[in-house]
């Protein structure tokens, strides 16, 4: 019902995170495939995608796009192979970080790697879209990390989707300005702010398309 409401509001993409798979506690991929078959929006999903069989399970059906997270940092050649098989339009890399310090394994571990170096290497491997989440802001409703998102787009050349921190329509307006100023900032993921009534989906889409 929630997904159908998003579609009625004008959503063309719906982002679904499989938290069970992300934490190694099972998988909800069959349910996500059912969702992708049931709604006229494109479904993007991530969480626990670490092997080719995982990608086959996700992308071998109606799901439009897969987000690779931890495996992109630990197994870069896996990403190269995934892009070669499925195409850069169906493979997104999710870079989760506390500011610019990457985190892996469902945010439970931080690394000493450089966020921008990782992004540059991924682009060399064929990645064209990065989903950047500032985990220090996720769920806090205090505003997204636009500055780092823009820097990531500028330094890597990848298209960047911003996630984490959107708390109201003022953030949507700020993201619209960022996208207008930098063409590679291409989207935003909004979750908690929608469920708490702080962001109205149809109005957010209207503003971002202006």
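Here are a few things to note about the model shown:
- Any hit, region 69-82, residues being touching a strand residue (DSSP E or B) at 6+ places or on another chain (Cβ under 7 Å), part of a helix (DSSP H, G or I) and at pLDDT 95 or above: yes
- In region 7-16, the residues that are surrounded by 17 or more Cβ atoms within 10 Å (Cβ to Cβ) and in contact with a strand residue (DSSP E or B) (Cβ under 6 Å, 6 or more places away or on another chain): 14, 15, 16
- Given (1) buried (at least 18 other Cβ atoms within 10 Å of the Cβ); (2) in contact with a strand residue (DSSP E or B) (Cβ under 6 Å, 6 or more places away or on another chain), number of the condition residue 148 does not satisfy: (2)
- If you filter region 172-185 down to residues that are touching a strand residue (DSSP E or B) at 6+ places or on another chain (Cβ under 6 Å) and in a helix (DSSP H, G or I), you find that the one that is nearest to residue 16 (Cα to Cα) is 175.
- Qualifying residues in region 158-171 (those that are surrounded by fewer than 23 Cβ atoms within 10 Å (Cβ to Cβ) and more than 15 Å from residue 95 (Cβ to Cβ)) - the one nearest to the chain's Cα centre (by Cα): 167
- Residues that are in a loop (DSSP other than H, G, I, E, B), more than 14 Å from residue 95 (Cβ to Cβ), in contact with a helix residue (DSSP H, G or I) (Cβ under 9 Å, 6 or more places away or on another chain) and at pLDDT 95 or above do occur in region 145-157.
- Put simply, of 97, 66, 103 the only residue that is in contact with a helix residue (DSSP H, G or I) (Cβ under 7 Å, 6 or more places away or on another chain), free of Cβ contacts under 8 Å to residues at least 60 places away in the same chain and more than 30 Å from residue 8 (Cα to Cα) is 97.
- Residues of region 24-48 satisfying the condition of being over 16 Å from residue 68 (Cβ atoms) and either surrounded by 14 or more Cβ atoms within 10 Å (Cβ to Cβ) or in contact (Cβ under 8 Å) with a residue 24 or more places away in the chain (or both): 28, 33, 35, 36, 37, 38, 39, 40, 41, 42
- Residue in region 186-194 that is under 30 Å from residue 81 (Cβ atoms) and either in contact (Cβ under 8 Å) with a residue 60 or more places away in the chain or out of contact with any strand residue (DSSP E or B) (no Cβ under 7 Å at 6 or more places or on another chain) (or both) present: yes
- Among the residues of region 182-197, those that are out of contact with any helix residue (DSSP H, G or I) (no Cβ under 6 Å at 6 or more places or on another chain) and within 16 Å of residue 209 (Cβ to Cβ) comprise 183, 186, 187, 190.
- Of all residues in region 119-144, those satisfying the criterion of being crowded, with 20+ Cβ neighbours inside 10 Å and outside any loop (DSSP other than H, G, I, E, B) are 119, 122, 129, 130, 131, 132, 133, 134.
The values are calculated or read from the model by the stated rules, or taken from the named source; none is laboratory data. Note that the coordinates shown come from a computational prediction; the quantities given were computed from them, not determined experimentally. Cβ sites come from the backbone with ideal geometry, for glycine too, and all protein chains shown count toward neighbours.
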